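Enquirer: First the structure, which I've put down as structure tokens, then a few questions once you've had a look.
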Amino acid sequence: MVKVSRGRCRLKILLKERRMRQIDLANKTGYSRHLISNWANNQDKMSGDVMVNIAYALDCQMEELYELIFE
């Protein structure tokens, strides 16, 4: 059986691809700049609910928000 876990957050990459700043994402989602910075800098992990909202705001799949580690 393969175990999948979250690696590093890809939020900075996704924002750059979409030519967005963290403040733009904060304004679009209502999450604070501080929280978004913590996620982008791997200081905290997003909850499932947050991942759904961020993925919707960035028009991506939830699986794209983090590197996936297969063990």
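The values are calculated or read from the model by the stated rules, or taken from the named source; none is laboratory data. What you see is a predicted model; the values in this text were computed from it and never measured. Cβ: placed from backbone, ideal geometry, glycine included. Neighbour counts: every protein chain shown. What goes into the accessible areas is simple: the full protein's heavy atoms, side chains included, and nothing from ligands, DNA or RNA. Shrake-Rupley method; radii C 1.70, N 1.55, O 1.52, S 1.80 Å.
Enquirer: Could you list, in sequence order, the residues of the range 50-71 that are within 12 Å of the chain's Cα centre (by Cα), not aliphatic (A, V, I, L, M) and not in a helix (DSSP H, G or I)?
Expert: Those that are within 12 Å of the chain's Cα centre (by Cα), not aliphatic (A, V, I, L, M) and not in a helix (DSSP H, G or I): ASP59, CYS60, GLN61, TYR66, GLU67.
Enquirer: For the range 19-36, what are the residues that are open to solvent by 60 Å² or more (accessible area, probe 1.4 Å), among the charged types (D, E, K, R) and not in a loop (DSSP other than H, G, I, E, B)?
Expert: Within the range 19-36, LYS28, ARG33 qualify.
Each row is one residue, and each column tells you yes or no for (1) under 19 Å from SER5 (Cβ atoms); (2) in contact (Cβ under 8 Å) with a residue 12 or more places away in the chain; (3) of a type outside the set (A, V, I, L, M).
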{"site": "ASP24", "(1), (2), (3)": "no, no, yes"}
{"site": "GLY30", "(1), (2), (3)": "no, no, yes"}
{"site": "GLN43", "(1), (2), (3)": "yes, no, yes"}
{"site": "MET46", "(1), (2), (3)": "yes, yes, no"}
{"site": "ASN53", "(1), (2), (3)": "no, yes, yes"}
{"site": "LEU58", "(1), (2), (3)": "no, yes, no"}
{"site": "GLN61", "(1), (2), (3)": "yes, no, yes"}
{"site": "GLU64", "(1), (2), (3)": "yes, yes, yes"}
{"site": "GLU71", "(1), (2), (3)": "yes, yes, yes"}
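Enquirer: Just need a number here: residues in the range 39-49 that are crowded, with 16+ Cβ neighbours inside 10 Å and either of a type in the set (Asp, Glu) or assigned to a helix (DSSP H, G or I) (or both).
Expert: 2
Enquirer: OK, next. Given (1) in contact with a strand residue (DSSP E or B) (Cβ under 9 Å, 6 or more places away or on another chain); (2) open to solvent by 40 Å² or more (accessible area, probe 1.4 Å); (3) not in a loop (DSSP other than H, G, I, E, B), identify the lone condition not met by SER5.
Expert: For SER5, the exception is condition (2).
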